[in-house]
Amino acid sequence: METITVERVIAAPIEQVFDWCATTTNYERTRWVLRCTLTHPGQDAPYGVGAIRVHTWLIGRFDERVTRYDPPRSFDYVVDRSFPPARHKIGTMTFTTVPTGTKVVWSTTVEMAIPVGTAFATHWISRPVISHVFGRILRACAADLETSKTSQRSTGSAR
């Protein structure tokens, strides 16, 4: 199995960044993510523990279950089923306040579930694609929250 990690600092408060990232329908703001559906809400929050999320990307489909939810600091999830098939240990998003906003660290531990060339496929195919899509999602988060911040300043309103 291989761990893939993407980091980004987003110029917005931790609560806003956490909420944007936990609400995975926001991921559709990238071309790589076609559809995200919350098929079963979590226990204490829609995307909280026990939530079932189905994500369809250009590269496949992922049925995920939230296993830990600690707003606004972190949440964990596992992929229960995917196509193409993969073994998934854990995915984690952590959020930390930094002087310029919020640092997001998104990591996942995964391995392609194919009979031959598993390590090759995971390292040379999955790693760059997953890293790229995670990066695009975090870029969309930054763009949305910075646009919101800019419009608040220009209109003088507070949301």
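Readers should treat all values here as calculations from the given coordinates under stated rules, not as data from a laboratory. Keep in mind it's a predicted model, so treat the numbers as computed, not measured. Every residue, glycine among them, receives a Cβ derived from its backbone with ideal geometry; neighbour counts consider all protein chains shown.
Our coupling estimate for the range 14-27, obtained by passing each phi through the Karplus curve with A = 6.51, B = -1.76, C = 1.60 and θ = phi - 60°, is 3, 4, 5, 5, 4, 4, 4, 6, 6, 8, 6, 4, 4, 5 Hz, Gly and Pro reported as x. For the range 26-105, the Kirkwood hydrodynamic radius from C-alpha pairs, put into Stokes-Einstein at 4 °C and a viscosity of 1.567 mPa s, yields a diffusion coefficient of 96 µm² per second.
Net charge in the neighbourhood of residue 52 (other residues with Cβ under 11 Å of its Cβ; Lys, Arg +1, Asp, Glu -1) is 0. Show me the trypsin sites (Lys or Arg not before Pro) within the range 1-40 that DSSP assigns to loop and that have at most 15 other Cβ atoms within 10 Å of their Cβ. Answer by residue number: 31.
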